[in-house]
Every structure is written in C-alpha cells, then in structure tokens.
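Only one structure is covered here, and it is reproduced in the block below.
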Amino acid sequence: METKTFYITTPIYYVNANPHLGHAYSTVVCDALARFHKLRGEDVRFLTGTDEHGDKIAKSAAKQGRSPQEFVDEISSHFRNLWPKLDIQNDYFMRTTNPEHVRLVQKFLQKVYDNGDIYFGEFGGHYCTGCERFYTEKELVNGLCPQHLTKPEYIKEKNYFFRMSRYMPWLRQYVLDHPDFVRPDRYRSELLGLIDSGGLEDLCISRPKSRLSWGIELPFDRDYVTYVWFDALLNYITALGWPDGPDYKKYWPGEHLVAKDILKPHGVFWPCMLHSAGLPVYQHLNVHGYWLMRDTKMSKSLGNVVHPERMIELFGSDAFRYFMLAEMHFGSDANFNYDALITRINSDLANDLGNLFSRVLTMTAKYEDSVVPQPRDKTEEDRAITDLCSTALRNFSDLFGNVHFARAIDALWELVRALNKYVDTQAPWALAKEGKTERLKTVLYVLLASMRKVALALWPVMPHAATLMLQQLGEEIKEGEKPNLTIDDEIACFGGLYPGTKVAPSSNIFPRIDTKAMLELLEKESKAEMEKAAAAKKVAEGAADAKKDEAVLPNVTFDQFKACDLRVGTVKVCEKLPKSDRILRLMIDFAEGQPRQILSGLAEFYKPEELVGRQVIAVLNLEPRKIRGAMSNGMVLTAEKDGKLTLIAPSVPMPDGSRIG
RNA sequence: GGCAAGGUAGCUCAGUUGGUCAGAGCAUGCGGUUCAUACCCGCAGUGUCGAGAGUUCAAAUCUCCCCCUUGCUACCA
C-alpha cells in the first residue's frame, strides 16, 4: 500500500515587520498538523517562508540606507530563527527572492501567458507621488490624496492583467462541489459571497519597472515586474520544485492555512491561477481568526502586542503552544489573556496532567521499584478506562484532523481527568497497605499504559514535553525525533507498554506558576510597553501634524477667498438621511426665503434633535452635489481633530444670512 | 444602508440532521482523601439558551420580525 502524503503550508510572511503572535500561531498550527499526520503514519511535508518583494520593502530598506536584499535577509532571519524556539519542524523555508523561485514564477507566468490568460491593458488611476500608489476615486478626500492632501496625478498606465473573471463560474461550482474546500464553514460562505457579489474582475498583476524595481521580471516583458500575488502564492508549489520536481509530483495538491485577512487571494486568486495553468487545486484552505488583546486588535502603536519570544522564555514553548491550540476555537477570534494562559498552565498542565505523572510515577517507584508491573485480571473499572483510552484517542484524532484543536484537546482531557479519578477510586496506597499486590500491579499498569497514550497524542501539541513524558514511561525516543508509533495502533489496542520496562522515579514536567507574581511581572512589562508606544505615537503624530500643516495648500488670492459665500444660518430641520449611517440631512435658514437643504457627515457626532435651532456656518455657493439620492446645496463648516468633528458657530447669535469674511 | 458571522451559567465556550440539550472547563461554596506539583476526588448551585411572535405533540435547534456585537462595504462638498 502506498503511504498517504500530507503537505501543509503557512502563508509566507511579509518581511516588513518582525514576527508576532499571529505568525507564531499560524506556524504552530501547521506544525501541529504536520506532526499529527506523521503520527498517522503519513509522509509529511511542511512549508513556511517569507515574502520579500514589493514597494514597501524597497522603501523600508531605502530608509535604513540598505539594499533591499540586505534588508530582507535580516528580517527573514528573524523568522527563521524564531521557529526552532517554538519547536517548529518545517521541511522547507521558502524565500521569494530565492533564484529558483524567481525562475519558476517566470515559468508559470509564461505558461499562463501562452494559454492566453494574461493580456496587456490600460489601467487608470489617481497616482500620488508622495505615497507612490494609486488611489481610487472614492479614496480621495475632496479630490486630494488622503495622506498628503495634495492633488494626485491621473495616470493611465499600461499593465498586464490575469483573466480571472472568466474562471468565476468554474470556481463557484468547484466550491459548491467541495464542501470542505474552505473550512471552517463560515469562511466558505464568505468566499461564496465574494464570488457572488460579482466584484471580482481581472487581476492586475504587473507594475512597470520604472516605478517598482524590487520584484520578479515578467518573462514576456522585461519592462515590468509581477505585482504581489503571482509571486507570493506560487511559492506553495515552487518550494516543491514544480513542475518536474519529485516532491511536487509526490506532495501536490496539499493544503494551506491562513488568517482570515487573506481569504480572498487564497480562496479566489490562487485556485484560478492553478486552474488556468492546468494544475490541480489544493485540497483545503484552513482559515483562522485573530488573537485579540482585551477584545482589541493587537497593534504596535497601542503597545499591546504579545511577544512570542517572551512567552517562550517565561512559560516554555510547550505551554505556549498548548495554550494557543487549546484556547482558540479554530476560525473564531480569541483573546490572548495572560490570566487565561496561567490558568490553563496551572489547571490543565500542572494540576491535571503533570500531577498525574508525578503521583503515578512516584507510586510506581515506591511499590514496584519503577518497573512496569505485569497486569492481572481486569475489573470493570479497568475496562472502563481502557475503553475510554480508545474512544478519547479516537475523538482526539477525528477532531484534530478536522482542525478542531480545542475540542480535540478537551476530548483528550476527559481521559486525563478520568485517570486522576481512577487513581482516587482504586487508591493504590490502600492496596499496598492491605497487601493486595496483584490488584496493585494491575492498577499501576492500567495507569502507566494510559498515560503513555496521552503522551503520544500530545506530541503534535507539545513535542518537547510529550517526548519527555514518553521517555519517562520508558519509550525509546529521542528529542526532536518522531515517535515510531501511530495513533491508529494506539486506538486499536490497549497494550504497547511492556511489563518490565523501567520508568522514571518521579516527574515534574509542568511546574505550577505563581499566578500573582507572574501577573504582576506581565502587568509591569505590558504597562511599560504601552507607555513607550504612547510616547512614540505622540512623536509620530506630532510629526504628522507638522507635515499636515506644512502640506497645507498653496496661497489663494483675496478674490478667490472672497468668492466663497460663507454665511450664518439656523438649523430648522434635521434628520438622518435614510439608508446612510453617517449623513444628516439639514434644512438651514439663511434668510433666503426658504431653508436650504445641506447634507453633512455628522451623524456619528450629533443627534439630529440636538442640532435643531443651532446656528452654523456654511459655504453656500459650492457646486450642489447628489449624495445617496438627495441634493446637498452647500457645506457646513466643522473643525476636525483625530477624526472627531465639531460644528463651527458664531460666538454670539447673529441674524441668519450674515456674511462671513 | 447592504452583505456576512455571532448573541447559551460570573468567565471562555460545546450543543451534528428539532424529542435525557439545558452542558463542559475555569471561578465560587461545602465535604472527602493523602500517592501527588497546597494537588486530586465528590457534592452544590445559579441560566426567561438576546427580545417577541409563529410552525409543531415537541425548539437553544425551523420561520418571521426586532434589538445588540464584530467584520467587510456604501454614503462624509
């Protein structure tokens, strides 16, 4: 029989920043899945890597006065160096600057081009030279770049496009035909929603070299480089040596794991690219959510970021991995809460699992000289445990394989708890006292043999600790090596632990953590970090403000200013504009005979009723404009700070229609 | 406003196709035990399963409507 293969990938991480918790999580999940499939006896390959091309990187490098290659070499190494600390065992580490990758991307592009799925077309947009990017009509603020408040240039640029739209019907059908193509299910619906929304047009895949040089040249036009997705997504197969490499032939199609923010490229672009090139599509796309901090997204500027390295220093890789896998329900967002982390470590690992090992191994030392005893006749209680071993492991295996990691771990802990209970009900110490040695041997054997199964199942989750546990139970296994056992065998029969095996005299793999002291330490550290971040933010904001002020506007002539008809008016009627969230419809009296209708984006800051009767200042001779189906004949003046708007009004009431000037 | 996902014990969440589904873990209280990492075991709870209406012999589970949260999206002359 041919050995089943399993190929899993993380996204390749963009090297404009150092690795954070999200990267760590994605990679740990993939590692755990890879190890899990190894335990199933499969032939496994696991890929991770870094994405190193693009505008942002070229600019970050320039800012530091370094070449892009130097820059990406360094950041990429931060990722590469972190993984061993998390016991990640990847088989490949792909960098998009790798020459072989570059060559194969070009080969793939050529192939798609030859198939007629890439065409040369025109692409028009508002280009801001300050930002070095295009803005859509909608993104512009008053026709100006939102960053620089300067007028962007409308550039028509020729570019290459991937004819993706033609594959939408195919993709839709493919997703419908493959219920677990994207999982969990919610993201599958989201993908179908994306497809059905019809907003998916052909994909612009190039940039002229004149504007962006840090990328892979198009093989059919050396004046252009690929832009983003062809370069990045293709790593999943270039790592395997597509099209002729033996690994490609053996391991593709595999499956991917991504965070929810890149569902679209992986769920839409990538399958279309593969299909266009005539390659089989991946088997599953596993999508996970975000880690939050107190229900808020982690961000550097808030200083509420979790540092994987620090977590490993404080708690060890095993506990950290365990927490991430047990705490996040795969697919949903989860809170990374230090309290919960310590609770998990203390109750699940120290109290339940660690203490089980400690008490059983101590008793085995005391009563059996640390040698696995020969079991005798089994009682009903023993059978209950051996049955539970089998069902718990089966549940664990089924759930884990379907990316329900938290539930899988729960299923395993049913067994751990039952074992602690079994110790209490069987009371080996009492058996010893009463001289019931036969029974004592059986009880200890049942315990040791069950613990061995727990340890084995945990190898994907906590490789280091599981190895230690297995070693303590006399299993011949070396650190960093895969156990020479399969989970299916362990489900099928209870044995596996041989009487006569020497086991460890004691165990202390999961020490308890002093909750209070640890929380204080963490509190202190995160407070310091938040203050630092706040200070940095202030400086950055100051700089931005200064820049904004500088950026303001060329001089206008007195006549130009006078051309604005600014007047005081009183709000007579105010209501929310139907079908809009932010816009209020105001009827304002400027002593023109009848009130004038002006729309304004104030709904977030003012309730309609509180504006009625207030005086405001508005520009009256602005071009009327239709918004959401209603006409706006002017603009109400406001002052803005940090996105909050305040209405401007005369300091004392003035007659309606009074001129400002 | 549109689309999507959620609202179940103090907290984090399970609840496949409607009928032991009202649950688990943590936290809380009481009791037991001593092999053990002040650990483990037992018992005890608390819930109008977001609100309301409907379908049904029967709904957390299906339908409708409403409220709230989150994400994407539209509107800010």
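The values are calculated or read from the model by the stated rules, or taken from the named source; none is laboratory data. Keep in mind that what you see is a predicted model, and the values were worked out from it rather than measured. Quick reminder, even Gly has a Cβ in these numbers, built from the backbone with ideal geometry, and neighbours come from all protein chains shown. Surface areas here come from the heavy atoms of the whole protein model, side chains and all, with no ligands, DNA or RNA. Shrake-Rupley method; radii C 1.70, N 1.55, O 1.52, S 1.80 Å.
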Restricted to the stretch A:241-298 and to residues being assigned by TED's automatic domain parsing to the domain that holds A:Thr27 and among the charged types (D, E, K, R), the residue farthest from A:Lys4 (Cα to Cα) is A:Asp261
Counting only helices (runs of 4 or more DSSP H) wholly inside the stretch A:296-346, the ones holding at least 3 residues that are within 9 Å of RNA strand B (Cβ to nearest atom) are A:338-343
Among the residues of the stretch A:576-595, the number that are crowded, with 17+ Cβ neighbours inside 10 Å and assigned to a loop (DSSP other than H, G, I, E, B) is 4
Across the stretch A:512-540, the tally of residues that are in contact with a helix residue (DSSP H, G or I) (Cβ under 7 Å, 6 or more places away or on another chain) and part of a helix (DSSP H, G or I) stands at 4
By residue number, the members of the stretch A:173-191 that are assigned to a helix (DSSP H, G or I), open to solvent by 30 Å² or more (accessible area, probe 1.4 Å) and either in contact with a helix residue (DSSP H, G or I) (Cβ under 7 Å, 6 or more places away or on another chain) or away from RNA strand B (no atom under 12 Å from the Cβ) (or both) are A:Gln173, A:Tyr174, A:Leu176, A:Asp177, A:Arg188, A:Glu190
task: Evaluate the following for A:Ile312: is it crowded, with 20+ Cβ neighbours inside 10 Å and of a type in the set (Val, Ile, Thr)?
output: no
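Yes or no, residue by residue, for (1) part of a helix (DSSP H, G or I); (2) open to solvent by less than 10 Å² (accessible area, probe 1.4 Å); (3) modelled with pLDDT under 95; (4) not assigned by TED's automatic domain parsing to the domain that holds A:Val28:
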| residue | (1), (2), (3), (4) |
| --- | --- |
| A:Ala408 | yes, yes, yes, yes |
| A:Glu414 | yes, no, yes, yes |
| A:Leu431 | yes, no, no, yes |
| A:Arg439 | yes, no, no, yes |
| A:Val446 | yes, yes, no, yes |
| A:Met451 | yes, yes, no, yes |
| A:Val454 | yes, yes, no, yes |
| A:Val461 | no, yes, no, yes |
For the stretch A:388-404, pairs from a residue that is crowded, with 21+ Cβ neighbours inside 10 Å to a residue that is small (Gly, Ala, Ser) and part of a helix (DSSP H, G or I), with Cβ under 6 Å and 6 or more apart or across chains, are A:Cys389/A:Ser450; A:Ala392/A:Ala411; A:Leu393/A:Ala457; A:Phe396/A:Ala408; A:Phe396/A:Ala411; A:Phe396/A:Ala457; A:Phe400/A:Ala408
Checking A:Tyr236, A:Tyr224, A:Tyr248 in turn, the sole residue that is open to solvent by less than 50 Å² (accessible area, probe 1.4 Å) and closer than 21 Å to A:Phe123 by Cβ turns out to be A:Tyr224
All conditions in (1) open to solvent by 10 Å² or more (accessible area, probe 1.4 Å); (2) more than 22 Å from the chain's Cα centre (by Cα) are true of A:Ala277 except (1)
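For (1) more than 14 Å from A:Met631 (Cα to Cα); (2) not hydroxyl-bearing (Ser, Thr, Tyr), each residue gets a yes or a no:
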site: A:Leu566; (1), (2): yes, yes
site: A:Lys579; (1), (2): yes, yes
site: A:Leu584; (1), (2): no, yes
site: A:Met587; (1), (2): no, yes
site: A:Gly593; (1), (2): yes, yes
site: A:Ser600; (1), (2): no, no
site: A:Ala603; (1), (2): yes, yes
site: A:Pro608; (1), (2): yes, yes
site: A:Ala618; (1), (2): yes, yes
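Do we have A:Lys482 as basic (Lys, Arg) and farther than 22 Å from A:Leu393 by Cα here?
Values: basic (Lys, Arg): yes; farther than 22 Å from A:Leu393 by Cα: no.
Judged against the criteria, A:Lys482 is not a match.
Let's see how each residue does on (1) modelled with pLDDT under 90; (2) under 19 Å from A:Ala34 (Cα atoms):
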| residue | (1), (2) |
| --- | --- |
| A:Ser299 | yes, no |
| A:Val305 | yes, no |
| A:Met324 | no, yes |
| A:Phe330 | yes, yes |
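Across the stretch A:628-649, what is the number of residues that are part of a loop (DSSP other than H, G, I, E, B), open to solvent by 80 Å² or more (accessible area, probe 1.4 Å) and more than 11 Å from RNA strand B (Cβ to nearest atom)? Please lay out each step first, then the result.
Of all residues in the stretch A:628-649, those part of a loop (DSSP other than H, G, I, E, B) come to A:628-629, A:633-634, A:637, A:642-643, A:648-649.
Next, from what is left, pick out any that are open to solvent by 80 Å² or more (accessible area, probe 1.4 Å): A:628, A:642.
Among the residues that remain, those that are also more than 11 Å from RNA strand B (Cβ to nearest atom) are: A:642.
The qualifying residues number 1.
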Flagged pairs (Cβ under 9 angstrom, 6 or more apart or on separate chains; first in the stretch A:614-627, more than 9 Å from RNA strand B (Cβ to nearest atom); second open to solvent by 70 Å² or more (accessible area, probe 1.4 Å)) are A:Gln615/A:Pro653; A:Gln615/A:Met654; A:Leu620/A:Glu592; A:Leu620/A:Met635
Pairs returned, first residue in the stretch A:296-324 that is farther than 17 Å from A:Lys527 by Cα, second residue that is basic (Lys, Arg) and at pLDDT 85 or above, beta-carbon separation under 9 angstrom, 6 or more apart or interchain, are A:Pro308/A:Lys85; A:Glu309/A:Lys85; A:Ile312/A:Lys85; A:Ser317/A:Lys85; A:Ala319/A:Arg344; A:Tyr322/A:Arg344; A:Phe323/A:Arg344
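Residues checked against (1) open to solvent by 50 Å² or more (accessible area, probe 1.4 Å); (2) modelled with pLDDT under 95:
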{"residue": "A:Tyr7", "(1), (2)": "no, no"}
{"residue": "A:Pro19", "(1), (2)": "no, yes"}
{"residue": "A:His23", "(1), (2)": "no, yes"}
{"residue": "A:Phe46", "(1), (2)": "no, no"}
{"residue": "A:His53", "(1), (2)": "no, yes"}
{"residue": "A:Ser60", "(1), (2)": "no, yes"}
{"residue": "A:Arg80", "(1), (2)": "yes, no"}
{"residue": "A:Lys85", "(1), (2)": "yes, no"}
Those residues of the stretch A:274-295 that are touching a strand residue (DSSP E or B) at 6+ places or on another chain (Cβ under 7 Å) and either among the polar types (S, T, N, Q) or assigned to a helix (DSSP H, G or I) (or both) come to a total of 2
Picked from the stretch A:192-208 (must be more than 16 Å from RNA strand B (Cβ to nearest atom) and open to solvent by 30 Å² or more (accessible area, probe 1.4 Å)), the residue farthest from A:Pro280 (Cα to Cα) is A:Arg207
Those residues of the stretch A:401-445 which are on the phi < 0 side of the Ramachandran plot and more than 14 Å from RNA strand B (Cβ to nearest atom) amount to A:Gly401, A:Lys436, A:Thr437, A:Glu438, A:Arg439, A:Lys441, A:Thr442, A:Tyr445
Of the conditions (1) in contact (Cβ under 8 Å) with a residue 24 or more places away in the chain; (2) in the same structural domain as A:Leu353 (by TED's automatic domain parsing), the single one that A:Glu476 does not satisfy is (1)
